2 protein chains.
Amino acid sequence: MCGALNPDELTLLSRHTRQIEHPSGEELVGESTRVEAYDNLMRGVVKLSKTLEDGRQQIVGLQFAPDLVGRLYAGESPMTAEAASDVEVCRVPRATLERLIERNPALRKRLMDQSLRELDEARDWMVTLGRKTAAEKVASLLLLIASHLDPEAAGERRIFDLPMSRLDMADYLGLTIETVSRQFSRLKKDGIITITANRHIEVLSLAKLQARCG
Amino acid sequence: MCGALNPDELTLLSRHTRQIEHPSGEELVGESTRVEAYDNLMRGVVKLSKTLEDGRQQIVGLQFAPDLVGRLYAGESPMTAEAASDVEVCRVPRATLERLIERNPALRKRLMDQSLRELDEARDWMVTLGRKTAAEKVASLLLLIASHLDPEAAGERRIFDLPMSRLDMADYLGLTIETVSRQFSRLKKDGIITITANRHIEVLSLAKLQARCG
DNA sequence: CGATATGTTGAAAGGTCTCAAGGGACGTGG
DNA sequence: CCACGTCCCTTGAGACCTTTCAACATATCG
């Protein structure tokens, strides 16, 4: 985000912001709590989720640096934001950022683009949640993660560590952990991936994985 | 949208726009087609949907007047926009609207707010798609429609006509039409709603309907 | 009135969840 | 270094829910 600012604005911002570190699992913003500040994500992954009264949970988005975390202009946060890995953020008071947005067209455009991109991603995921089978859902998530974590790689292979637990994946896909686990086993049996130490994934055939995405 | 414009801007706009009517079912923008213009929705309901290669469809949003239809700043539309009822729009060329946005802070804020609201709605719906049962999904949709179409009504009752077919509802909820139909029958049998002529709904107990939303 | 599209209902198949048991990695303490 | 507990993950069996396929009912429209 700071890329969109000029030196004066950076100075102004630095007087109002604090650098904060959050260990994995810590909550940045709670669902239905008042929004007093936004968090400029510097490092790590943030998980956005919503929970039904009886505890059923759905992950509704992931954010990566340099996203801005926090629902702009809302009095209350519509969801929980939680550190999915160890995370480093710049916390900006609401009023400071909102004033800055008024003055700075580049920053404004950048945040507008982020919102529109998040909207595209949410709608893509709605198709996955509403219309894909468990096998297709798991394949889709692996492909999504692979393209985020190993974006430069060419060819048929991809190697990466899953940045989330089976429970997180289940909550992202609208499944149970058992179903996710079974689908991983199937992908392994069919020679499409190998798994070591639960989290380390090697995709052997990207084409076959893509074919399973529906 | 025009509420955010001054007289000069309205004159400018009127020279560049055309009023267009679309009968129900007509496509405004096709998935993966070039975006040449935006549509300012004056009357009616527009359905946004995405389709998998094998034909499975998911509705990812509904738009009502006075929303702007069309993905801002994108070269290609990420989804299909289709008239869900008879619809009247003001078609604005891309460049015209984008220039106007640069100059007019009120318009800019209005479109930003629309994007953020659509993002909230999409994420709410992700919870419905991923974590609710068929019964809860149908109840949630009825409640959503009731609050849109009969927003002023007080008390336990709501009366309205469904603005969509069973197939549309199924595509919105990630279900089949048969499952939707069965859930309607159950709501009828349990005395929560009555249905006449397939589309005319009377909600007898809003509280009971809400209790079924999960 | 017939033709067509839309909606409902039933029975069986299939997929996902639930419940239960067991396996493997990791950290702590003996 | 090993024993043990804990957490996370995997696997199996049966229950449950949704889909599929088929038949029928109802609404719409010429």
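Per-structure values
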| item | result |
| --- | --- |
| Count - residues of region A:83-114 that are open to solvent by less than 10 Å² (accessible area, probe 1.4 Å) and of a type in the set (G, A, S) | 1 |
| Those strands (runs of 3 or more DSSP E) lying entirely in region A:3-80 with at least 1 residues hydroxyl-bearing (S, T, Y) | A:37-43, A:45-51 |
| Pairs, first closer than 22 Å to B:R182 by Cα and within 13 Å of DNA strand C (Cβ to nearest atom) in region B:120-140, second open to solvent by less than 10 Å² (accessible area, probe 1.4 Å) and not in a helix (DSSP H, G or I), C-beta under 7 Å, six or more apart | B:G130/A:Q58; B:R131/A:Q58 |
| Residue selected from region A:174-210 under the condition open to solvent by less than 30 Å² (accessible area, probe 1.4 Å) and more than 13 Å from DNA strand D (Cβ to nearest atom), by the criterion farthest from the other protein chains (Cβ to nearest Cβ) | A:V203 |
| Selection from region B:32-79 of residues that are open to solvent by 60 Å² or more (accessible area, probe 1.4 Å), charged (D, E, K, R) and either touching a strand residue (DSSP E or B) at 6+ places or on another chain (Cβ under 7 Å) or farther than 25 Å from A:K137 by Cα (or both) | B:R34, B:E36, B:R43, B:E76 |
| Selection within region B:114-146 - away from DNA strand D (no atom under 15 Å from the Cβ), of a type outside the set (G, A, S) and in contact with a Ser or Thr (Cβ under 7 Å, 6 or more places away or on another chain) | B:L116, B:L119 |
| Near pairs, Cβ below 7 angstrom, 6+ apart or cross-chain, from region B:44-55 (in the same structural domain as B:A122 (by TED's automatic domain parsing)) to any residue that is open to solvent by 20 Å² or more (accessible area, probe 1.4 Å) and among the aromatic types (F, W, Y) | B:V45/B:F64 |
| Count of region B:142-187 residues which are of a type in the set (K, R) and within 13 Å of DNA strand C (Cβ to nearest atom) | 3 |
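Listed here are the residues, each with its yes/no results for (1) within 13 Å of the chain's Cα centre (by Cα); (2) more than 13 Å from chain B (Cβ to nearest Cβ).
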site	(1), (2)
A:G44	yes, yes
A:L52	no, no
A:S77	no, no
A:T80	yes, no
A:V87	yes, yes
A:L97	no, yes
A:P105	no, no
A:D120	no, no
A:D124	no, no
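The values are calculated or read from the model by the stated rules, or taken from the named source; none is laboratory data. Not measured: the values here are computed from a predicted model. Heads up, the Cβs are rebuilt from the backbone with ideal geometry, glycines too, and the neighbour counts pull from every protein chain shown. To get the accessible areas, we keep the full protein, side chains included, count just its heavy atoms, and leave off ligands, DNA and RNA. Shrake-Rupley method; radii C 1.70, N 1.55, O 1.52, S 1.80 Å.
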